[in-house]
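To start, the structure under review is shown below, and the notes come after it.
The values are calculated or read from the model by the stated rules, or taken from the named source; none is laboratory data. None of the values given here were measured: they were computed from a predicted structure. With ideal geometry, Cβ positions are generated from the backbone for all residues, glycine too; neighbour counts draw on all protein chains shown. In case anyone asks, the SASA skips ligands and DNA or RNA and just uses the protein heavy atoms, side chains included. Shrake-Rupley method; radii C 1.70, N 1.55, O 1.52, S 1.80 Å.
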Amino acid sequence: MLEVRDLHVSYGRAQVLFGVGLEAPAASLVCLMGRNGVGKTTLLKAVMGVLPARSGTVTFDGRDITKLKVHERVRLGLGYVPQGHETFPQLTVAENLQVARETAGNRRAGVVDEAFDLFPALRGLLKRRAGFLSGGQQQQLAIARALVTEPRMLLLDEPTEGIQPSIVLEIEEAIRQLHAAGLGILLVEQYLELALRLADRFVILDAGEVVRSGPADDLRDESVRRLLAV
Ligand SMILES: Nc1ncnc2c1ncn2[C@@H]1O[C@H](COP(=O)(O)OP(=O)(O)OP(=O)(O)O)[C@@H](O)[C@H]1O
Ligand SMILES: [Mg+2]
């Protein structure tokens, strides 16, 4: 469903991705892994169109989306939760969700309720400004915001990073439920145990190249663990 082929991405003169290839089949959960600074976030940004590809292609459902704008990719069914749970801090929880719905072309009102079913704590915080939420609540809001665009493929960039353990468990459970319901997920995750519990497949980046990929069970191999060790 999502296919990245021979992708090259640079920040100015500094090239960061060197011919990355990756497939995330419909309804699969693919875990994108690798040490700090190898290019995981850069790859997600290029898939979403936040960063341009210098060369290579991104296709979604067989359609070449490499040149499309971010909002066009959202309308086609790609959802994105950036690293560091970015929300609009001055807007309330309700307003954050409303803006997302409009960006995606005003999806049906029921999607907001469905997001609250996944994160019930947010329901009681509707009028609170996002900037006053805890880090974990902001992460849940960021995921909810992506969900109200009704994606078929969700890109999640380290959703458990720096989040308190009880909320990490809630987020893990939410990801499991979304996957079980048939949503395709490309998850950047550095925590191996979490990846083992959730993923169907994994891809490991190192210095801007894919160095290993396979079924999640292979994450138990010593040779794979070495690629992730600091
Ligand atoms: N805006 C930018 N301008 C220039 N270089 C950048 C920029 N953003 C990232 N980089 C560089 O690109 C490389 C890859 O960064 P990226 O954020 O994609 O890595 P990452 O794998 O997501 O790391 P982390 O695990 O720490 O989130 C790094 O060397 C980083 O310093
Ligand atoms: Mg990153």
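Structural remarks
- Sorted largest first by accessible area at a 1.4 angstrom probe radius, with every protein chain in place, the residues Glu209, Glu3, Glu23, Glu158 fall in the order Glu23, Glu209, Glu3, Glu158.
- Principal-axis tilt of helix 93-103 within the chain, Cα atoms, nearest 10 degrees: 60 degrees
- The figure for Thr92 is an accessible area of roughly 30 square angstrom, using a 1.4 Å probe on the protein chains alone.
- Debye, to nearest 20: dipole size of segment 2-228, +1 on Lys, Arg Cβ, -1 on Asp, Glu Cβ: 700 debye
- Phi-based couplings in Hz for segment 20-26 (Karplus 6.51, -1.76, 1.60; Gly and Pro marked x): 7, x, 6, 10, 10, x, 3
- Integer Hz, Karplus 6.51/-1.76/1.60 couplings in order for segment 128-136, x for Gly and Pro: 7, 5, 4, x, 9, 7, 5, x, x
- Derived from the Cα gyration tensor, the three semi-axes of the equivalent ellipsoid of segment 70-184 are 19, 17, 13 Å, largest first.
- Pairs from the list Lys40/Lys69; Lys40/Lys67; Lys40/Lys127 with a Cα-Cα gap above 25 Å: Lys40/Lys127.
- Residue-averaged 222 nm ellipticity for the chain, from DSSP H runs of 4+ at -39500 (n - 2.57), nearest 500: -10000 deg cm²/dmol
- Surface accessible to a 1.4 Å probe, Leu196 within the full protein complex, Å²: 30 Å²
- Segment 55-94 versus segment 105-164: alpha-carbon centroid distance in Å: 15 Å
- The string of couplings for segment 192-204 from the Karplus curve (6.51, -1.76, 1.60, θ = phi - 60°) is 4, 4, 5, 4, 4, 6, 9, 7, 8, 9, 9, 9, 10 Hz, one whole number per residue in order, with x for Gly and Pro.
- For Thr92, nonlocal amide neighbours, meaning residues 5 or more places apart or on other chains whose placed amide H falls under 5 Å from its own, are Ala130.
- P(r) weight above 21 Å for the chain, C-alpha pairs, percent: 54 percent
- Accessible-area composition of segment 79-230, carbon plus sulfur, in percent [1.4 Å probe]: 51 percent
- Segment 161-230 - Rg and Dmax from Cα coordinates, angstrom: 12.9, 35
- Taking amide hydrogens as placed 1.01 Å from N in the peptide plane, the amide H of Arg212 sits under 5 Å from those of Ile204, each at least 5 positions away in sequence or on another chain.
- Pairs of Cα atoms nearer than 8 Å and 6+ residues apart set the relative contact order; for the chain it is 29 percent.
- On a per residue basis, the chain carries 46 Å² of accessible surface, using protein heavy atoms and a 1.4 Å probe.
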